[in-house]
Amino acid sequence: MEKRRGYQLHMGLAAALLLAGCGEPERAAQAAKENVATPPMRAVDEIVCTPPALAVPETNDAPDEAEMKRYTVPVPAAGKRRFLTMVPIPSGKFVMGSPQDEVGRNEDESPQREVTLDAFWMSESEVTWALYQKFMDNGKARHKDGSLKRKPSADSKPEELVSQPTPPYSPMHFSMGTGGYSGTYPAIGMTQHAASKFCEWLSAQTGEFYRLPTEAEWEYACRAGSTSAWSFGDDPELLDEYAWHAGNSDYEYQPVKQKKPNAWGLYDMHGNVAEWCLDAYTADGYPAEAATNPWNVATQRYPRVVRGGHWDSEPEETRSAARLASDPVWKVQDPQIPKSIWYHTDAPWLGFRVVRPLNPPKTQAEREKYWNTGPGEW
């Protein structure tokens with residue numbers, strides 16, 4: 001477990017980097033010199049401002065579902081030859097949740113319900129460092145809420161106006177993989193807010209609307225037409241062919257797309273890193289009635305839904321219906337007061353993937369709702 005111990009943070013350095021990111025170089029230098037854990041911080045309402053509203057170009061007319069194809073879109077702000085591959089997911093109905101006789105199930109996976117979903121595209125794997133690092137290490141002086149500290153110039157690009165993370169106070173790769181931000185590894189340790197802002201950043205530069213998947217969309221895409229515990233069946237002996245988990249990952253995340261995809265061409269839906277969904281988590285399962293495009297909109301920061309299991313999960317935790325609730329303890333090592341809105345310092349197994357609905361929101365206000373989901377304590 002030596003690699004797990006590598007997650008411990010150097011708290012003095014953490015505080016120094018945070019203060020530097022907040023435009024307080026003198027206090028940052030003091031924190032680094034003294035190696036103190038957490039110097040007194042200003043109240044958050046003294047250092048934040050409201051990010052400007054971002055007008056995203058209108059999305060082109062949606063094609064008919066029959067015209068949906070797999071496509072690859074360039075992400076210019078991430079660098080040259082940085083692309084995101086999207087896989088078409090057909091509209092349809094499925095039964096959400098697990099049956100009572102499924103081995104390893106939890107009560108929060110019931111009652112099962114029939115759900116109808118419109119078509120959408122989903123990224124074929126988790127978002128990688130190749131795309132996320134440029135969003136995270138954006139090189140712009142920003143307030144703690146991620147808004148720019150200076151007024152944008154006339155030639156500022158739309159994606160530069162999106163709220164983006166302040167600098168992390170510890171390498172967020174946690175020395176896993178190749179020990180750096182290797183582009184083939186999934187990005188990890190971000191809050192749901194950070195993942196949603198990545199979607200806004202991606203939308204700003206592509207002109208297409210991207211967001212996190214709802215919980216129903218995630219399970220529907222994971223199952224890919226199956227009704228078994230995993231998309232490949234009920235036999236856990238086959239799990240090594242499709243997933244990185246505690247039994248085969250060497251206790252760290254792995255490059256994406258190394259295992260077999262599911263029937264719809266999606267990689268790593270089981271294991272490797274767990275994935276954010278848009279929904280609030282409810283311990284008593286889902287409403288029993290049938291639903292169309294359900295989204296349990298969050299009104300508080302905790303708990304929210306995470307799906308898919310990860311590199312340190314037991315096999316049953318990687319099942320298609322398995323659910324996990326977000327927890328404030330995922331920030332226990334964050335030295336800030338209040339905690340960062342961008343990082344989960346104690347969730348080095350948490351990532352996300354994006355979706356693009358065939359029928360995007362009609363108004364900017366509707367889009368903003370998906371990218372700014374709910375108030376509450378961070």
5 angstrom amide H check on L324, placed H, neighbours 5+ away: V306
So how much accessible area does W244 have, in Å² to the nearest 10, using a 1.4 Å probe? 40 Å²
Calculated FRET efficiency for the pair D234/K140, C-beta based, R₀ 56 Å, to 0.05: 0.70
On the accessible surface of the stretch 246-378, probed at 1.4 Å, how many percent belong to carbon and sulfur atoms? 53 percent
Multiply the residue separation of T116 and N359 by 0.36 nm, subtract the distance between their alpha-carbon atoms, and state the gained length in nm to one decimal. 86.0 nm
Distance cut-off 20 Å, Cα to Cα: go down the list K69/K134; K69/K259; K80/K144; K144/K339; K144/K197 and report the pairs above it. K69/K134; K69/K259; K80/K144
FRET efficiency for D64 and V332, Cβ-Cβ distance as r, R0 = 45 Å, nearest 0.05? 0.40
Cut-off under 5 Å, modelled amide H: who pairs with I89 long-range: F120, W121, M122
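Sorting check: for 65-71, 88-94, which peptide has the highest mean count of neighbouring beta carbons within 10 Å, and how do the rest follow? Before the final figure, lay out the partial values.
Working: 65-71: 12.1, 88-94: 16.6.
Order by mean packing, descending: 88-94, 65-71.
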For K151, list the aspartates and glutamates whose Cα falls under 13 Å from its own Cα; do not include residues on the same chain fewer than 8 positions away. E160
A chain fully extended from K80 to T178 at 0.36 nm per residue, minus the present Cα-Cα distance, gains in nm 33.1 nm
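The values are calculated or read from the model by the stated rules, or taken from the named source; none is laboratory data. Just so you know, these numbers come straight off a predicted model, no measurement behind them. As a convention, Cβ positions derive from the backbone with ideal geometry for all residues, glycine included, and neighbour counts pool all protein chains shown. Heads up: the accessible areas ignore ligands, DNA and RNA and are worked out on the full protein's heavy atoms, side chains in. Shrake-Rupley method; radii C 1.70, N 1.55, O 1.52, S 1.80 Å.
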